[in-house]
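K.L.:
What follows is a single structure, and I will ask about it in a moment.
The values are calculated or read from the model by the stated rules, or taken from the named source; none is laboratory data. Values in this document were obtained by computation on a predicted structure and should not be read as measured data. Here the Cβ is made from the backbone with ideal geometry for all residues, glycine too, and neighbour counts use every protein chain on show.
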Amino acid sequence: MSSHAHRNSDSGPGIQTLAIHAGEHPDPVTKASSPNLVMSSTFLADPDASFSAEGSHEDEGYFYSRWSNPTVAQLESKLAALEGTESAMAFASGMAAVNALFLHCLRPGDHLVMGDIVYAAVSETANDLLLELGIKISRVDTSDPAAVETALRENTRLVYIESPCNPILRLTDIAAIAKLLRGTKARLAVDSTFATPVATRPTDYGADFVIHSLTKYLGGHGDAVGGALLGPTEDITEIRRKAGIRMGGVLSPFNAWLILRGLATFPLRMRAHESAAMDVGRFLENHPLISRVYYPGFESHPQHELAARQMNNFSGMLTFQTERHAELPHLLAENLEIIHYAVSLGHHRSLIFYIPTEEILKTSFKLTEQQNEAYREFAGDAIFRLSVGIEDSKDLCADLERVFSKLT
Ligand SMILES: *Cc1c(COP(=O)(O)O)cnc(C)c1O
């Protein structure tokens, strides 16, 4: 297991250099310095080329943009370099990447161990599609490695975690889970959308696969939906053949080009996100209307020690609670002038959204009553999920204060 220091040591380029240069190459014909946007759906073919995905080989050049595309390929190489994985595949969305992973790792009768609190649509996929396909699922609090150990079975093929998890920012000790899986047939996948490779590279801690919603921090500008699945070349080649070429959920070259451009500044943005989140988080902690703030960078976070160990950057996501929660969504949506009341996260622009506890437990999670209780303890009646952008933090605090003052 290599450590974070490794990345900025003499052994290779630092993350800012990788974010700008990795995977990119000047156009051989025009000598253009920036990545070309190649929108072509098809490419002049070798008359001996096979028409089937079975006959496709990565090193044969471009054939059809559902197979691979020069702009998307540059993004994929950059992502693999940033995460330190052998390969990466870009998808039309984060959810397409998640589903590609499930289809790759799981067959009817197989067992999946999944975090009890994960991105709502992932939870809903497990509750609906995966159960229908005959996958056995154990939902556990993966922040407790003992709970994961207890859940493991002979036929467990995948352990799926998010760290920090959406929406409550609970962390999982990736190295501890990876250790449990050593010598078993279960692979470990980490959705690292909230952390980003600036904070944590899950494969440094023994994960097999990394998932990203590129829509969030990596693209970073709220203008392109995309996803990525990263891991060993052997797996990604098969995933490209099945989930890419056959199921077809590939990323548009235009979105790849936007995300490539966003990626160049992403390490800088993460520092700005963290710094603004610290300021806004402190403002919230000191506000009489706010009863609780969760931010992995604060000592008040129940897993701050793990966060400090596993994250080189605490990212820009925080949640807060207030007794007056029911009155706030309308006031926020109508009166905020800078922060947008909207879903999604990780954009340069700050975003806030209201997540009432009973509703998300019922519609998305569908857990045991004991797990519901644990969620209620963490989240109270409702949380506000705030994705702190990279505006000036004083302006963000003033924007929130303007709305809070209507209630005090
Ligand atoms: C947004 C998100 C996803 C889904 O990504 P899309 O690009 O919206 O499909 C998956 N996991 C996490 C943690 C997310 O925040």
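K.L.:
Assess whether ILE290 counts as being crowded, with 18+ Cβ neighbours inside 10 Å and in the same structural domain as GLY23 (by TED's automatic domain parsing).
P.N.:
So ILE290 does not fit the description; no.
K.L.:
Looking at the range 140-153, which of its residues are away from the ligand (no atom under 16 Å from the Cβ) and touching a residue at least 24 places away in the same chain (Cβ under 8 Å)?
P.N.:
Across the range 140-153, the qualifying residues are VAL140, ASP141, PRO145, VAL148, GLU149, ALA151, LEU152, ARG153.
K.L.:
Any idea how many residues of the range 241-280 are under 24 Å from ASN36 (Cα atoms) and touching an Asp or Glu at 6+ places or on another chain (Cβ under 8 Å)?
P.N.:
So the answer is 2.
K.L.:
Next up: Looking for whichever is free of Cβ contacts under 8 Å to residues at least 40 places away in the same chain and among the hydrophobic types (A, V, I, L, M, F, W, C) here; the options are LEU133, LEU171. Which one fits?
P.N.:
LEU133
K.L.:
Give me the helices (runs of 4 or more DSSP H) completely within the range 158-242, filtered to those with at least 1 residues that are under 12 Å from the mean Cα position of the chain (by Cα), surrounded by fewer than 24 Cβ atoms within 10 Å (Cβ to Cβ) and assigned by TED's automatic domain parsing to the domain that holds GLY380, ordered by residue number.
P.N.:
Once the helices (runs of 4 or more DSSP H) in the range 158-242 are filtered for at least 1 residues that are under 12 Å from the mean Cα position of the chain (by Cα), surrounded by fewer than 24 Cβ atoms within 10 Å (Cβ to Cβ) and assigned by TED's automatic domain parsing to the domain that holds GLY380, nothing remains.
K.L.:
Next up: Mind telling me which of the residues LEU133, LEU103, LEU129 ends up being more than 16 Å from the ligand (Cβ to nearest atom) and surrounded by fewer than 19 Cβ atoms within 10 Å (Cβ to Cβ)?
P.N.:
LEU133
K.L.:
Identify, by number, the condition in (1) at pLDDT below 95; (2) away from the ligand (no atom under 16 Å from the Cβ) that ARG240 doesn't meet.
P.N.:
All conditions are met except number (1).
K.L.:
Taking only pairs six or more apart or across chains, which ones have beta-carbon atoms under 8 Å, a first residue in the range 202-221 that is on the phi > 0 side of the Ramachandran plot, and a second residue that is part of a loop (DSSP other than H, G, I, E, B) and crowded, with 24+ Cβ neighbours inside 10 Å?
P.N.:
Taking only residues 6 or more apart or on different chains, the pairs are GLY220/GLY346; GLY220/HIS347.
K.L.:
Further question: If I go through the range 160-197 residue by residue, how many of them are within 25 Å of ARG271 (Cβ to Cβ) and within 16 Å of the ligand (Cβ to nearest atom)?
P.N.:
Within the range 160-197, residues that are within 25 Å of ARG271 (Cβ to Cβ) and within 16 Å of the ligand (Cβ to nearest atom) number 20.
K.L.:
Then there is this: For residues that are of a type in the set (A, V, I, L, M) and touching an Asp or Glu at 6+ places or on another chain (Cβ under 7 Å), scanning just the range 81-97, find the one that is nearest to the ligand (Cβ to nearest atom).
P.N.:
Of everything passing the filter in the range 81-97, ALA90 is nearest to the ligand (Cβ to nearest atom).
K.L.:
Here are VAL72, VAL118, VAL113: which of them is within 19 Å of the chain's Cα centre (by Cα), part of a strand (DSSP E or B) and either over 29 Å from PRO267 (Cα atoms) or β-branched (Val, Ile, Thr) (or both)?
P.N.:
Result of the check over VAL72, VAL118, VAL113: VAL113.
K.L.:
Can you name the condition, by its number, that PRO253 falls short on among (1) under 19 Å from the mean Cα position of the chain (by Cα); (2) under 17 Å from LEU75 (Cα atoms)?
P.N.:
Result: PRO253 passes all but (1).
K.L.:
Where in the range 324-408 are there helices (runs of 4 or more DSSP H), lying fully within it, with 2 or more residues that are among the β-branched types (Val, Ile, Thr) and either free of Cβ contacts under 8 Å to residues at least 12 places away in the same chain or touching a helix residue (DSSP H, G or I) at 6+ places or on another chain (Cβ under 9 Å) (or both)?
P.N.:
357-360
K.L.:
In the list GLU86, GLU76, which residue meets the criterion of being surrounded by fewer than 21 Cβ atoms within 10 Å (Cβ to Cβ), out of contact with any Phe, Trp or Tyr (no Cβ under 7 Å at 6 or more places or on another chain) and at pLDDT 95 or above?
P.N.:
On inspection, the qualifying residue turns out to be GLU86.
K.L.:
What tally of residues in the range 281-293 results from selecting those that are outside any helix (DSSP H, G or I) and closer than 18 Å to GLY389 by Cβ?
P.N.:
Summing the residues that are outside any helix (DSSP H, G or I) and closer than 18 Å to GLY389 by Cβ in the range 281-293 gives 1.
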